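One structure is given below, encoded as structure tokens.
Please treat every number below as a calculation from the coordinates, not as lab data. All values derive from a computational prediction rather than experimental measurement. A quick note on method: Cβ atoms are made from the backbone with ideal geometry, for glycine too, and the neighbour counts reach across all protein chains shown.
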Amino acid sequence: MTTVYNPRIVTSDMQRASLRVGRVRNSLLIVLVLLLAAFSLATDWTTPEAQLAGKIAAVTGPGAVALDISNRSSLGQADADAVMRGLRGQLEAVGLRFVAAEQAAATIKVTLSENLQSYVWVAEIHQAAGESSVVMVSIARAGGMAATPEGASIAIHKGLLWTQAERILDVAVMDGNPTHMAVLDANQVAVYRLQGSQWQPEEFLPIVHLRPWPRDLRGRLVLRKDHLLDAYLPGIFCRTATSSPIALNCSESDDPWPLGTEQSNLNAFFAPVRNYFTGALAPGIGKQKAAPAFYSAAALPRENYWLWLFAGVDGQVHLLDGITDQEKKTAWGSDIASVHNPCGTDWAILTDSPGDGQNENLRAFDVADRELLAAGQPMQFSGPISALWAEANGNNAIAVARNRETGDYEAFRLSFTCGQ
């Protein structure tokens, strides 16, 4: 039997050169295809830039304007910078030129904002004659928002402050030597002094009111620098005297209640015969003077503005930034507060949520690009949470829950550390 081998393929120099050229050509084609794919994934902002520029020019006409553009959306820095450059170019193309505010016939403030479905660009135009106009365009999000990693783990620690059968509306701790505590309920503000590890009674300040309280009573204590404290209840405002002995002066009032912490200045009007805020705000959040009716609110500082979250009576969480109202469906309860995030320089949201059917949980959330990210494990309470307020400095919070076994109300002081 004769063995037959396949003959070696003899390749000439010309053939080898041709093969090398073919490989290079194929590599270049692959690179070109990848580049074209990358360019096709990039968002083209030209059309909305031209639309907004056209709407602005229709109000101002050609001429000298002062322009300010800020980004309050989740757009990355590169995209935001591209939009700003493109919008400036489009405005120049329709006859506008940019000058200092004192030389301008109109000032234009453009805000790059968003809601769940679209990017929303808003232009506020103020002209020399005192006229003001607002124009806007919206751009649908392509493919939704990118996935965001989970927030850093925040551990919640609770220390029992006080227990009583009467419903506790709020508690204020006055750190010092000695430490004092004020407890607000439907009848009084009770002041206690910490002696050793026990709270000793010091003052009982009655709350005088003529009208009956609503069924689901709520209240708020706010410590002051020029006097001890203020107490807010539905239709009633109480203030301690500035001189000794301590006295509590109460009167009927429809003044708004302060929200948030000492860093954020916002007040809201409480419905005197209900258990929620009407939505009217003072002084407001930017251009927004009202929010949907809500149970509680929390503020998050951003670089150039404050983002406020409202736990609405409609079951939604509303995010207001001074321009837009973005709604989110959550499994949160009606109580929210903002506290310092121990895992960084940002702030976190603290909120109640359903537990195992008998108890209730408290949990911290990060808010990154307006996405709500659970941060750490929930803290369980032995009953429903009836009040949640951040302390003035934002480092601690007060939570009140009703113990299902005893029926008593328990007030806790909450602190936070960065978990693993």
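The table that follows gives values for the structure above.
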quantity: Förster radius 35 Å - calculated FRET efficiency between T163 and A78 (Cβ-Cβ, nearest 0.05); calculated: 0.05
quantity: Sorted peptide list for 291-299, 71-79, criterion being average Cβ within 10 angstrom, highest first; calculated: 291-299, 71-79
quantity: Simple label model, 7 Å out from Cα along Cβ direction - D314 to R215, nm; calculated: 2.5 nm
quantity: Computed label-point distance, nm, for sites F204 and A58 using a 7 Å Cα→Cβ extension; calculated: 6.9 nm
quantity: Gap separating the Cα centres of the range 43-96 and the range 253-278, nearest whole Å; calculated: 38 Å
quantity: Cα-projected label distance for V134 with V94, points at 7 Å along beta-carbon direction, nm; calculated: 1.9 nm
quantity: Residues in the range 240-260 reached by a label modelled at K225 [backbone nitrogen below 19 Å; 7 Å Cα→Cβ]; calculated: 240-243, 258-260
quantity: Cα-based reach from K328 at 18 Å (exclusive), listing aspartates and glutamates while leaving out same-chain residues under 8 positions away; calculated: E114, E150, D314, D352, D366, D369, E371
quantity: Neighbourhood charge, 15 Å Cβ-Cβ cut-off, centred on F98 and excluding it, Lys, Arg +1 and Asp, Glu -1; calculated: +1
quantity: Relative contact order, percent, the range 46-140 [alpha-carbon distance under 8 Å, six or more residues apart]; calculated: 34 percent
quantity: Within the range 46-140, percent of DSSP bridges classed antiparallel, to nearest 5; calculated: 65 percent
quantity: Stretch gain in nm, segment S415-A368, where the contour uses 0.36 nm per residue and the Cα spacing is subtracted; calculated: 14.7 nm
